[in-house]
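Accompanying notes for the structure given below.
Bear in mind that the values in this text are calculations on the coordinates, not laboratory data. Here the structure is a predicted model, which is why all the values come from computation and not from measurement. When we count neighbours, we look across all protein chains shown, and the Cβ atoms used for this are built from the backbone with ideal geometry, even at glycine.
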Amino acid sequence: MSFGTGKIWMNGSLVDWADAKIHIGSHVVHYGSAVFEGARCYDTPRGTACFRLDTHMTRLFDSAKIYRMEAPYSKADLHNAVLETIRSNQYKACYIRPIVYRGYHTLGVNPLPVPVDAAILLWEWGAYLGQDALVNGVDVCVSSWARAAANTFPTLAKTSANYANSTLIKMEAITEGYSEGIALDTGGYISEGSGQNLFLVRNNTVYTPPVTASILPGITRDSVLTLAKDLGFTVREEMLPREMLYIADEAFFVGTAVEITPIRSVDKIPIGNGRRGPITEALQQAFFDVINGRIEDSHGWLEYVYEGEPRQAAVAGARAARA
Ligand SMILES: Cc1ncc(COP(=O)(O)O)c(C=O)c1O
């Protein structure tokens, strides 16, 4: 099934895609008052498995807390609703978009009296920047738009409002003939792409900007940091000046949508030899081996979706133990 088909979970009911509507007077339409997630489930040899759904749900509730949104559902409710929606749509692999938003009441800026609603959409979404990009990399630019300054739009919250900035970065990049833009923070340090985090490699050390560089704390970023340490690389989270991009041996984007996508040039300057580098490839291999169920899921990142799938009992047990 593709975008535009199947059932959507809305406030506890499964409704046809075409009927999943909200009123034009909803607060979220005017003020971007929503928090959301983007997760994936994969078709592995052992069954359909969500990647780090628990962690995505934690970030969703963190985002809601920052914006004083009291969701009418618990984290466990929404987590289970995601699994139920995948099952009802019979997806083997899909992108998962839970959203918690301010609905219909009044259109004053004050969101507090406005009810909080929730929905879960699913659709099939392949390689975000194209299959070819995963091997050959993408050409990107440094954006003229900066990420939001500290204490303006909180970037630790994945809120719809923040994506106004992302769309400016993306439109500028596309208009200039690039696949993506890399934004700096307001101090001029490297932040992230319009919808993905960034890593650099220099002299066999793996670098990524810290959470204080106006980034969304990505779950793929966290996974890649873990895998890089597992593989024995030195990993540094630190503020990086713009010019580190140009002298990096390797650079790559990470995120639920882009997974791990190499960057082959920045502002038309080739990164390294202008091809995917060996550390990028090693991390891609490690990441794809986990999400495709080719190696043991030693970090407990996969949660199987359908009854009777091999890990169902073990995962349910692990979740019960954590609760
Ligand atoms: C602005 C931004 N940064 C980073 C990411 C990567 O985060 P994750 O790996 O959790 O998908 C995303 C993806 O949602 C994003 O929109």
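Given Cα pairs under 8 Å that are at least 6 residues apart, what percent is the relative contact order of the chain?
Reported as a whole number, the value is 19 percent.
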Checklist entry - Taking the Cβ-Cβ separation of residue 151 and residue 243 as r and a Förster radius of 30 Å, what is the calculated FRET efficiency to the nearest 0.05? => result 0.65
Item to check | Sum of -39500 (n - 2.57) over DSSP H runs of 4+, divided by residues of the chain (222 nm, nearest 500) | outcome: -8500 deg cm²/dmol
Next on the checklist: Give me the percent relative contact order of the stretch 87-132, please, defined on Cα pairs under 8 angstrom at least 6 residues apart.
Outcome noted: 42
Checklist entry - So what's the projected area for the stretch 66-106, the Cα convex hull averaged over all directions, in nm²? => result 4.1
Item to check | Gaussian network model of the chain, Cα within-10 Å springs - most flexible of 263, 295, 96 | outcome: 295
Item to check | Cysteines having no other Cys beta carbon under 4.7 Å from their own, within the chain | outcome: 94, 141
Checklist entry - Between residue 222 and residue 21, how many nm apart are label points set 7 Å from Cα along the C-beta direction? => result 3.8
Checklist entry - Once the Cα gyration tensor of the chain is diagonalised, what are the square roots of 5 times its eigenvalues, in whole Å and ordered largest first, as equivalent ellipsoid semi-axes? => result 31, 26, 17
Next on the checklist: For a Förster distance of 22 Å, can you work out the FRET efficiency between the beta-carbons of residue 136 and residue 3, rounded to the nearest 0.05?
Outcome noted: 0.30
Item to check | Fluctuation leader among 210, 262, 113 - the chain, Gaussian network, Cα springs under 10 angstrom | outcome: 113
Next on the checklist: Report the gain in length on full extension from residue 77 to residue 203: 0.36 nm times residue separation, minus Cα-Cα distance, nm rounded to one decimal.
Outcome noted: 40.8 nm
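In units of 2.2 N^0.38 Å, what is the alpha-carbon radius of gyration of the stretch 1-95?
My calculation over the Cα atoms of the stretch 1-95 gives 1.16.
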Item to check | Pairwise FRET efficiency - residue 93 versus residue 282, Cβ, R0 = 25 Å, nearest 0.05 | outcome: 0.55
Checklist entry - What is the dipole size for the chain, taken about its Cα centre, with +1 at each Lys and Arg Cβ and -1 at each Asp and Glu Cβ, in debye to the nearest 20? => result 380
Item to check | Cα gyration tensor category, rounded, prolate or oblate, for the stretch 42-81 with a/c compared to 1.5 | outcome: prolate
